Every structure is written in C-alpha cells, then in structure tokens.
Amino acid sequence: MAALAVLALAASGTAARADQTLNFNIIGAGSVTGSGLSCVREAPGAAQTGTCSAQAFDGAPNCDELFCIPNPGTLAFQANDRNGYQFDQWSHPQCTPVFQGPPPFRQNPCTVSVALGANPDLTVNVTFKDVTAPGTTLTAPANGAAVRGTIPLTATATDNSGTVASVQFRVGGNPFGLPFETAPFTTNLDTTQRADGSLAISATATDGSGLAGAANATVTVDNHPPTLNVTGPNNQTFGPGATPTWTLAAADQTTAVNVRCSVVPVGQPANLGNCTGGNTQQRLVNPADGRYTLTVRATDAAGNFVEQARAFAVDTGPPDTTITSGPGDGSSTEATSLTWGLGASEASTFECRLYLTATGPGAFAPCSGAASHTVSGLAAGSYTFEARAIDGFNNVDPTPVKRTVLVVSPPPVIPPPVVHQTTIFQQVIVVTLTFSFHDANKKTTRISALTVNSVPTGATVSASCPKGCAKKSLVIKNAKGNVSLKALAGKKPLKVKTKITVTVSKPGAVGAVKVLEVQKRKAPTVQSLCLPPGAAKPGRCA
C-alpha cells in the first residue's frame, strides 16, 4: 500500500523571481511523484530512474515557469511504497513527522521557503524501510509424510531485498545445526534418534533487516515394522474343488498398514499384488495342480515391512499324456530307428515301452529322454509304442497313449542275369512303396498316403486298382524321385482284399512291381515282384 508522504514547498514574502533545484534521493526502494516529478528506485542499490530533480521558480499566479510558486502557494510531492518497502521519513530539516491513522499511513509535510534571487540546491532524502519477510519453502520433507531412517531437510528462500542473510532448520521446535548463510540449504536428519510419532520440522529465513519468514511441516516418524499374523493351512495338499483360504491380520502402532500377497510355484520369486480379500484375506479358487508358496507382506506408511510365507500343494488327479511328434498311428516305414516326443497336462515324468504287436506288452520303464523316447535296431514287423505320464504326486495316467507302426524291409537287390557265360550288366529298378492307414476294421481300411519312392529319372509309373479306388488306373511318365499315388486310392475306405498294383518301368531295365493288398483289422501287406524286359507278367525276383 502506498504511503501518502507530502513534501510542501511554500513561497514567502512578496512576489519575486527566485529559483532553486530540488534533488530527491530514495533510500531503500520506493518512488516519489508530484508536479513534474516521477522518481523510482526498484531495490536497494539499484539506480534511480525517471525525473528525480526539479527547479522551482517564484512568479505570478499565472506564470508558465517549470514550477510556479504562487504568492502564497505550495508544491506537493508524494512518497509511494514499492516492492515490500514502506515509506519511513523525509530528511529535510523543516519536516515534522505527522501520523494520520495506524501505520503504514504516515505523512511528513515540509515547508521550504524560497528566497529572492538564486538559492542553493536542496537534496531531500526519502527513506523507505523493508517491511517484508523472506519467502521460505520447506521442500523436504513433505507435510504429513511418514518417514524412517535418515531423511533430507531441504529449503529454499527468497527476499525482496535480493539477499537472504541466513536459514535455520528447527526440529521439534529446537535449532537443528548451525544456520546456513548461503544456498543450498540442506542437511540430513537421523530419525532413529527420535521417538516414533509426530515431529515438527521448520525452516526460518532471515533477511538483512532482521525480518524472518518460516515454513513448517509435521511428519510422522515410524522406525518400527508392523505386526502380521497369517492364519490358515501350511504344508497342506488340496484336492479337487478345494478353496485354500488364509486370514490376515496386520497392525502398526504409528502409521497405516497395507497388505499384499503372492502365490507362485515353489522356487520362483514372489510377485506381490493385492490380496483377494483386501488386507484381511487371501482365498484361491480352482488353483492348478502343483506345489506353491504363499507370501504375505505387511508394509507401513514409512516403508517398514514384515513378511510371512506358507507352503501348500494342489493335486486334483493324474495327468493326461500326449504324443507331440514321431511316427503316426498305423504308419509304415523302412527306418529302423524311431523317436516319439511326449507331453502332459501338468509337470510330469514319463515311462515308455515298445513291443511287437503280436507278442503283447512288457513292463513300463523310464523313457530314454526327459520328454521323448528313441528305439533303434528294429527288424521288420508291426510294433506298438506306449507312454504314460506321472505327476509330482506320483499319480499315473491310467490311459497311456499308443501308436502302432509297421517297419518294412527294403526290397532285395536283384543281381544282373548271366547269359552264355557272358556277364550282362542290366539296370534293375529298385523302389519302395510306403503308405499310411487308419480305421482298419474287419471290412475296410482307409489309405491316407501312398507313395512310391526312389523312382529313377525318366521312368514310367503305372498304377491300377480294378475295384474300390477313386481311379482304376494312373500313369505318370518321365517320373523321378518320390511319386505320390494318393489320387488313385482317393479318400474312400477300401474293402478288404482290394489290390493296388504299382509298376515302375524303363526301357532296357528290369521293372519293379509292388502289390498292396488291404487286410482285415491290420496293416495292408506289400508284395515285391520284378518285370524283366519283354515279359508280359511280373514274377519273383531272382
């Protein structure tokens, strides 16, 4: 608020020409305004700006001089508060302080006589005093915070004078350490040396005028963990439909408590989140089979915490076994080493067995791999592979998975014929016929794949099926490599005794003939024959 401070200049005697220069000097921060005058100092030590000097002239009432002092008459100037400084006094010896109302309403009128002729210049000091305390902010700790251990005390301070003389921290109302005279204003407080509970913290900044401004915060010291009680099962195994439940009770003498829970397989790190029943309960519905660890953590507002753990298991029944890779059921192969991949509905170990289908099964034994089984050195014949999973509670899958595979011998190598004691080297075509089948019963069998393999380049593949197939015949010329005959067999089931004859021929070479015959409730059979050049019918190979 501006203080109205008036400097009055009066003329004395009769009208006469006289002049005098008035110089205004502002001490502190403020401004002086009046007729033809506007002088400002923004802060102590800053330069004055505006019109701070004026010349007064004696003259007639209607004169047009710079300042005209009528006879009689006065000139008035006003002191104005600025930037936290308040008018205090004029320095002219003729001034007598006059108070009008409570501070800061203070006037100081002065009468300055203007004599005849030239007069010496007059300097008038206008004093403004600092009435604004420093602005102080306690940046750490936050008001209302819960704290523990060693914490920082941090403050910032500014003053309208531009300078803060000191900053003093107080803890519990008492000075804490020595005052800081320069920024940064920061120190540390070891709260373990204080009792748990409410604690007042403040920072007080003082400027050069002795004015002080304070910032305050009240925190809660809590250096002790909460209590936690977990009531419920421990080291217990649950069966189908169980809902494992624990009651939780946490408390702290000083601050609020938050409870979080984690349920993970044994050996894995805890993954804490909200408990199913807030701070008072953890309940599980239809958990998967396995062994688990329940971890419960109670944490107070200052970050102190306590944990408890419980172990439990879930076993709802035996696992389901699956075959993930390997020869399919009802397939045939010339390979003498076979491998199957295994899987289960839960963590399990596996047992396997392989036996000749005609002789029946033997005992199960551990598989050759953790999740696979390999057998080698197999002779031709029909084999059955079985596998079963065993979970961590020694539950055994009562329905092992099964695959039946036919291992076939490769066709014999036919030596070239000897004519007139002269060895004639003649090409003999050697191929294999492989197939996959399923749904073999007493009447029909479905052929899902039929392939003649290792066909020499340029050969002709002829296949015939008089009855039951999708086509009666199929001829593929200039064939080579592996040739599929699935288009001949088609998708329909073939009746028992249905025959498919496949001939692979090439000019000048002994042709290869394969006859596949559908059997009752088992894999089809394959007969191998040879067709010498010029022969009308195939015969047994030499």
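The values are calculated or read from the model by the stated rules, or taken from the named source; none is laboratory data. Everything quoted here is computed from the prediction, not taken from an experiment. We place every Cβ from the backbone using ideal geometry, glycine too, and count neighbours over all the protein chains shown.
Any residue at all in the range 462-483 that's surrounded by 20 or more Cβ atoms within 10 Å (Cβ to Cβ), in contact (Cβ under 8 Å) with a residue 40 or more places away in the chain, among the polar types (S, T, N, Q) and in contact with a strand residue (DSSP E or B) (Cβ under 7 Å, 6 or more places away or on another chain)?
no
Quick one: in the range 232-250, which of the residues that are surrounded by fewer than 12 Cβ atoms within 10 Å (Cβ to Cβ) and modelled with pLDDT of 90 or more is farthest from Gly392 (Cα to Cα)? Before the answer, list the steps.
At the first step, the residues of the range 232-250 found to be surrounded by fewer than 12 Cβ atoms within 10 Å (Cβ to Cβ) are 235, 239-241, 243.
Imposing the further condition that a residue be modelled with pLDDT of 90 or more reduces the set to 235, 243.
Details: Asn235: 15, Thr243: 20 Å.
Step by step, filter the range 232-250, then rank; the result is Thr243.
Going residue by residue through the range 421-432, is there one that turns out to be in contact (Cβ under 8 Å) with a residue 24 or more places away in the chain and closer than 26 Å to Asp329 by Cα? Steps first, answer last, please.
Filtering the range 421-432 down to residues in contact (Cβ under 8 Å) with a residue 24 or more places away in the chain leaves 426-432.
Filter again for closer than 26 Å to Asp329 by Cα, leaving 431-432.
Yes, the range 421-432 contains at least one residue that is in contact (Cβ under 8 Å) with a residue 24 or more places away in the chain and closer than 26 Å to Asp329 by Cα.
Taking the stated definitions as given, is Gly381 at positive phi and free of Cβ contacts under 8 Å to residues at least 60 places away in the same chain?
yes
Of the conditions (1) at pLDDT 90 or above; (2) in a strand (DSSP E or B); (3) within 60 Å of the chain's Cα centre (by Cα), Gly144 satisfies every one except a single condition; which number is it?
Of everything listed in (1) at pLDDT 90 or above; (2) in a strand (DSSP E or B); (3) within 60 Å of the chain's Cα centre (by Cα), Gly144 misses just condition (2).
Could you check how many residues of the range 454-493 are among the hydroxyl-bearing types (Ser, Thr, Tyr) and on the phi > 0 side of the Ramachandran plot? Walk me through how you get there before you give the answer.
Initially, the range 454-493 is screened for residues among the hydroxyl-bearing types (Ser, Thr, Tyr), giving 454, 457, 460, 462, 464, 473, 484.
After this cut, where a residue has to be on the phi > 0 side of the Ramachandran plot as well, the list is 454.
Count: 1.
Looking only at strands (runs of 3 or more DSSP E) that lie completely in the range 147-213, which have at least 1 residues being surrounded by fewer than 17 Cβ atoms within 10 Å (Cβ to Cβ) and among the hydroxyl-bearing types (Ser, Thr, Tyr)?
Working: elements: 150-158, 164-171, 185-190, 197-207.
By residue number, 150-158, 185-190, 197-207.
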